[in-house]
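The values are calculated or read from the model by the stated rules, or taken from the named source; none is laboratory data. Fair warning: this is a prediction, and the values are worked out from it, not measured in the lab. Ideal geometry is used to build each Cβ from the backbone, glycine not excepted, and the neighbour counts take in all protein chains shown.
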Amino acid sequence: MKRSVLAMALAAAAIGAQAANLESQSEKSGYAVGVDLGSALSEFNSDAKELINFNAVVVGFRDAFEQKELRLTDDEMSAALEALSKEVQVIMQEKIEAAQKESVEVSKKFLEENAKKEGVKTTDSGLQYVVKTEGTGKQPSKDDTVKVTYEGRLIDGTVFDKSEEPVSFGVSQVIDGWVEGIQLLKEGGEYTFFIPSELGYGEFGQAWAGILPGAALVFDVKLVEVVAAPKPEPVSDISTPAIEEGKVEVVEVRDSKAAEEKPAAAEEAKSEEKPAEAHKH
């Protein structure tokens, strides 16, 4: 056993020494291909790397590259890759659940301690906020559109989103913590919101922003302007439902010419249908 390990180590050292100079183009190309493949494999979760035998990877690469007879059938390789995929999924799921549990516990502790700080107010829903600047303008409702500037942070201070210019959105179109918080502000006001997970992104989080499941969030928000909700336009008589023998037919009037042509078309259709109706009886 010791001899085989020593032999492998010496062989690896010899190969490494041969390729260390990388003087020829073929050596450089080979090294680049190796780096590319190694980088692809390195993207595996660090725990999942233990599921792959590196020496077997080298053997498989060499057999395929040199077009030798493969040592496993297609079915065996498919089964092996499927088994690997399932094992990786189990490991990843365990890590996600562990991270979620930790995120929930850390966020809960953060909010409990934060609620005790001077100036922090807590609503019935659990939303916490601090008034940095009290506004004097309009106060929005959930049906309004608002313009705001903001910065979003994780509880460790990491900024995951920030507006460079005022952005517009409907108050009811954002996470619940924002829907409630924005309605506390008046134009010109600036608050810091501390949003529990259940008022934010909940058990799913937002992977693209680095927001873990169950994570509390911090937002600095300034209300720049309230745009009143548009009044609903009166419904025009563009379409009229006609109920006939239990059926609903929608007749659309596009213009005066179409309005004149439709009755004629209907009469023509009726005249064509009458013989068929008479034939039935």
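Is it fair to say SER85 is within 30 Å of LEU22 (Cα to Cα) and not basic (Lys, Arg)?
Taking the combined requirement at face value, the residue does not satisfy it.
Are any of the residues in the stretch 95-112 outside the structural domain of LEU154 (by TED's automatic domain parsing), loosely packed, with under 10 Cβ neighbours inside 10 Å, at pLDDT 90 or above and in a helix (DSSP H, G or I)?
Yes, the stretch 95-112 contains at least one residue that is outside the structural domain of LEU154 (by TED's automatic domain parsing), loosely packed, with under 10 Cβ neighbours inside 10 Å, at pLDDT 90 or above and in a helix (DSSP H, G or I).
If the Cβ limit is 6 Å and pairs must be 6+ apart or interchain, which residue in the stretch 192-212 that is touching a residue at least 40 places away in the same chain (Cβ under 8 Å) and farther than 18 Å from LYS101 by Cα pairs with which residue that is among the acidic types (Asp, Glu) and surrounded by fewer than 22 Cβ atoms within 10 Å (Cβ to Cβ)?
THR192/ASP220
For the structure I just gave you, tell me whether GLU225 is farther than 30 Å from ALA98 by Cβ, in contact (Cβ under 8 Å) with a residue 40 or more places away in the chain and part of a strand (DSSP E or B).
yes
Kindly provide the set of residues from the stretch 168-188 that are surrounded by fewer than 20 Cβ atoms within 10 Å (Cβ to Cβ) and part of a loop (DSSP other than H, G, I, E, B), ordered by number.
VAL174, ILE175, GLN183, LEU184, LYS186, GLU187, GLY188
Determine, yes or no, whether SER78 is closer than 20 Å to PHE204 by Cα and surrounded by 11 or more Cβ atoms within 10 Å (Cβ to Cβ).
no
Tell me which residues, restricted to the stretch 195-223, are among the aliphatic types (A, V, I, L, M) and farther than 17 Å from VAL171 by Cα.
Within the stretch 195-223, ALA207, ALA209, ILE211, LEU212, ALA215, ALA216, LEU217, VAL218 meet the criteria.
For the condition at pLDDT below 95, assigned by TED's automatic domain parsing to the domain that holds GLU134 and aromatic (Phe, Trp, Tyr), what is the one hit in PHE193, PHE204?
Result: PHE204 is the single residue among PHE193, PHE204 that is at pLDDT below 95, assigned by TED's automatic domain parsing to the domain that holds GLU134 and aromatic (Phe, Trp, Tyr).
Can you name the number of the only condition in (1) assigned by TED's automatic domain parsing to the domain that holds GLY202; (2) within 27 Å of GLU50 (Cβ to Cβ) that GLN128 fails?
Failing condition for GLN128: (2).
Is there any pair with a first residue in the stretch 150-177 that is farther than 11 Å from LEU217 by Cα and assigned by TED's automatic domain parsing to the domain that holds GLN206 and a second that is among the polar types (S, T, N, Q) and not in a loop (DSSP other than H, G, I, E, B) whose Cβ atoms are under 8 Å apart and which are 6 or more apart or on different chains, and what are they?
Pairs found: SER163/THR149; GLU165/THR149; PRO166/THR149; VAL167/THR149; SER168/THR145; PHE169/THR145; GLY170/THR145; VAL171/THR145.
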